[in-house]
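S.K.: Could you have a look at this structure, given as structure tokens, before my questions?
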There are 2 protein chains.
Amino acid sequence: MTKESRKNIAYNYLREAILTWKLHPGSPIVEQDISDQLSISRTPVREALKLLEAEGLVKVMPQRGTFVFELSTQDVEEIFALRENLEVLALQAAIQSIPIDELNNLEAYLTTLTEQSPPEHFFTSDRQLHALIVVNGGNERLALFLDSLNAQVEQVRRVSALRPNRLDVSMREHLAIVQAIQARDIITAEAELRQHIRNVKQSTLDVCRNMWWQGTIGK
Amino acid sequence: MTKESRKNIAYNYLREAILTWKLHPGSPIVEQDISDQLSISRTPVREALKLLEAEGLVKVMPQRGTFVFELSTQDVEEIFALRENLEVLALQAAIQSIPIDELNNLEAYLTTLTEQSPPEHFFTSDRQLHALIVVNGGNERLALFLDSLNAQVEQVRRVSALRPNRLDVSMREHLAIVQAIQARDIITAEAELRQHIRNVKQSTLDVCRNMWWQGTIGK
DNA sequence: ATTATAGAGATTGTATACAATCAGTACACA
DNA sequence: TGTGTACTGATTGTATACAATCTCTATAAT
């Protein structure tokens, strides 16, 4: 295996820290601090921050500082509006070509999940389903853009997905989507996918507003 | 007016050079050369190149070199498929809110254009129309993404738009779109917009293939 | 003749020092 | 008391030197 570049070390470190709430929305990221923590120079840290900025996870204010991105409700609306339409677009392109055995595997896996299953299992299956759709859609730019959109809400989603019943409901929605794709039924699949994404959006919005009230983000 | 950062100087310089064919697709960009030409250090040049990479105008191959992006027909297919659907999405959101006087101005301007008008006038009105749609769509992320998609084909489009009759036809298509928006007729506007983008795509594909044959790009 | 290998040159990747700019503070002044 | 102004510290922006890695070529071995 080829050695990882220092830029990538910094990138993965920062990305993980943001998504797991070790770095809270709105808090500053000082290049020197990160380079000290990782024992590398500022240069690769800087390049990693530029990448994260392009991805929408941090906001660089020139000559002032770099800050962890704060999601507003407006942002959530924008992101999910795009996500819904782009994923449907990918679905239309992919529905005939998604391998049936992959669908069967995913379906089998979904039916094993219960309320007691560890949340990571839900996250994994969620990523799998969306990857299945997007990758088979065959448009690389669309796939990359969706990744970037998802990264911007993932931070909040990791909280919202844990709300009571949400995991269970989400699993049922996934199952409905998978089964519609298995039947190559684009009408149903599209409707289920749209509904699922709208539910996730609502859930994300709720958490977003709660955080606001509690002063977790903003001030 | 605030002084422009050296990173931006390098960014604008390189972007312009690529879009005007001073730098041909596939040709290498050496950081040291650019920094010499602009009398600045490699650091801001490097940051500019990373920006251009995120935008899809250059391709950085780690430890090997940086190259001007070469558009393949596959890329053109991807880009226009996305552009068509995203612009329609913006149009649906924008059609009621695009100011009538802006539409009237653009319509008046379009009717003054003839085969003899300088091509820049066509480019300007083209940009205006698409900006009108995308900005009033109200989704900033969608607007930014479309900008980046357009940048990737602009290089080729500046050639394709000059083909015989293309300017004239394009003007008529624009006029039809504008008039449908004036009437707030989403059905017609969407159909005209889709047709227009498909025509531009076809024209772009033709030029793309010609360049291939002539060895302008590739080798 | 073909292949393998070592070395040189070119280019990007990284470290580090210095410059420029911004925010906040203390202080002078009205 | 309020306001403006210069100063200080912190942080990003830029310059430059050095390291790592890749490509290409020359050379040697089979």
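Every number in this text was worked out from the coordinates using simple rules, so none of it is lab data. Treat the numbers as computed from the prediction; the structure is a model and nothing was measured. Because the Cβ atoms are built from the backbone with ideal geometry, glycine has one as well, and the counts that use them run over all protein chains shown.
S.K.: With label points built 7 Å along Cα→Cβ from the Cα atoms of B:N150 and A:F67, find their separation and express it in nm.
M.R.: Here the answer is 3.0 nm between the modelled labels.
S.K.: Per DSSP H run of at least 4 residues, take -39500 (n - 2.57); add these up for chain B, divide by its residues and hand me the 222 nm value, nearest 500 deg cm²/dmol.
M.R.: Numbers: 9 runs with 157 residues, N = 219.
Roughly -24000 deg cm²/dmol at 222 nm, from the helical runs in chain B.
S.K.: Modelling each spin label as a point 7 Å along the Cα-to-Cβ direction, I'd like the A:E140/B:V60 distance in nm, to one decimal.
M.R.: 1.7
S.K.: Right, something else. Which value in Å does the Kirkwood hydrodynamic radius of the stretch B:23-131 take, with 1/r averaged over all unlike C-alpha pairs and then inverted?
M.R.: That comes to 17.6 Å for the stretch B:23-131.
S.K.: Sort the stretch A:81-152 into rounded, prolate or oblate with this rule: let a ≥ b ≥ c be the square roots of the eigenvalues of the Cα gyration tensor; rounded if a/c is under 1.5, and if a/c is not under 1.5, prolate when a/b is larger than b/c, oblate otherwise. Display every interim value, and only then the final one.
M.R.: Details: a/c = 2.65, a/b = 1.39, b/c = 1.91.
Oblate is the answer for the stretch A:81-152, as a/c is 1.5 or above yet b/c matches or exceeds a/b.
S.K.: Which of the three applies to the stretch A:6-68, rounded, prolate or oblate, going by the alpha-carbon gyration tensor with a ≥ b ≥ c and a/c under 1.5 meaning rounded?
M.R.: Numbers: a/c = 1.39, a/b = 1.16, b/c = 1.19.
The shape class here is rounded.
S.K.: Ok, one more. Setting aside same-chain residues fewer than 8 positions from B:K201, which aspartates and glutamates have a Cα under 15 Å from its Cα?
M.R.: Within the straight-line cut-off, B:K201 pairs with B:D75, B:E77, B:E78, B:E84, B:E87, B:D126, B:E154, B:E173, B:E192.
S.K.: Give me, ordered by chain and number, the residues 5 or more places off A:R163 or on other chains with an amide H under 5 Å from its own placed amide H.
M.R.: The answer is none.
S.K.: Oh, and also: Quick one: with label points 7 Å out along Cα→Cβ, list the inter-copy distances for A:A17 in nm, shortest first?
M.R.: Those separations, rounded to one decimal, come out as 3.5 nm.
S.K.: With chain A treated as a Gaussian network of Cα nodes joined by springs under 10 Å, which of A:L71, A:L162, A:L146 yields the largest mean-square fluctuation?
M.R.: Taking springs between Cα atoms under 10 Å, the residue moving most is A:L162.
S.K.: Would you be so kind as to identify which of A:L146, A:I133, A:L205 lies farthest towards the positive end of the dipole of the stretch A:73-214, taking Lys and Arg as +1 and Asp and Glu as -1 on Cβ and the Cα centre as origin?
M.R.: So the residue we want is A:L205.
S.K.: How far apart are the B:S117 label points across copies, placing each 7 Å from Cα toward Cβ, in nm, shortest first?
M.R.: 5.9
S.K.: Is the stretch B:73-214 rounded, prolate or oblate when judged by the Cα gyration tensor, a ≥ b ≥ c being the square roots of its eigenvalues, rounded requiring a/c under 1.5 and prolate requiring a/b larger than b/c?
M.R.: Working: a/c = 1.96, a/b = 1.27, b/c = 1.54.
Oblate, since a/c reaches 1.5 and b/c is not below a/b.
S.K.: To confirm my reading of the symmetry, which residue of chain B has the Cβ nearest the axis that brings B onto A, and what whole-Å distance does it have?
M.R.: In residue-and-Å form, the answer is B:A54, 2.
S.K.: On to the next question. What are the ³J(HN,Hα) couplings of the stretch A:165-174, residue after residue, when phi is run through the Karplus curve with 6.51, -1.76, 1.60 and θ = phi - 60°? Round to Hz, x for glycine and proline.
M.R.: The phi angles translate into 6, 4, 4, 5, 4, 4, 4, 4, 4, 4 Hz.
S.K.: P(r) for the protein assembly as shown, please, calculated from all Cα pair distances in 10 Å bins and given in %.
M.R.: With a bin width of 10 Å, the distribution comes to 4, 18, 26, 27, 19, 6, 1, 0.
S.K.: While we're here: So which of A:K50/B:K7; B:K3/B:K59; A:K59/B:K7; A:K7/A:K59 end up more than 21 Å apart, counting from Cα to Cα? The partial results should precede the final answer.
M.R.: On the way: A:K50/B:K7 12 Å; B:K3/B:K59 29 Å; A:K59/B:K7 17 Å; A:K7/A:K59 18 Å.
Exceeds cut-off: B:K3/B:K59.
S.K.: What is the distance in Å between the Cα centroid of the stretch A:180-204 and that of the stretch B:43-69?
M.R.: The stretch A:180-204 and the stretch B:43-69 have Cα centres separated by 38 Å.
S.K.: Using θ = phi - 60° and the Karplus form 6.51 cos²θ - 1.76 cosθ + 1.60, what ³J(HN,Hα) does each residue of the stretch B:180-193 get, whole Hz, x for Gly and Pro?
M.R.: 5, 5, 3, 7, 6, 9, 5, 4, 5, 4, 5, 4, 5, 5
S.K.: 7 Å along Cα→Cβ for the label point: how many nanometres lie between B:P164 and each equivalent label in the other copies, listed shortest first?
M.R.: 7.5
S.K.: Work out the FRET efficiency for A:S41 and B:R163 from their Cβ-Cβ distance, taking R0 = 56 Å, and round it to the nearest 0.05. Before the final figure, lay out each step's value.
M.R.: On the way: r = 51 Å, r/R0 = 0.91.
After rounding to 0.05, the efficiency reads 0.65.
S.K.: To the nearest 10 degrees, how steep is helix B:42-55 against the longest Cα principal axis of chain B, on a 0 to 90 scale?
M.R.: It works out to around 40 degrees.
S.K.: Return the long-range amide H neighbours of B:I29 (sequence gap of 5 or more, or a different chain), with a cut-off of under 5 Å between placed amide H atoms.
M.R.: So B:I29 has HN proximity to B:T66, B:F67, B:V68.
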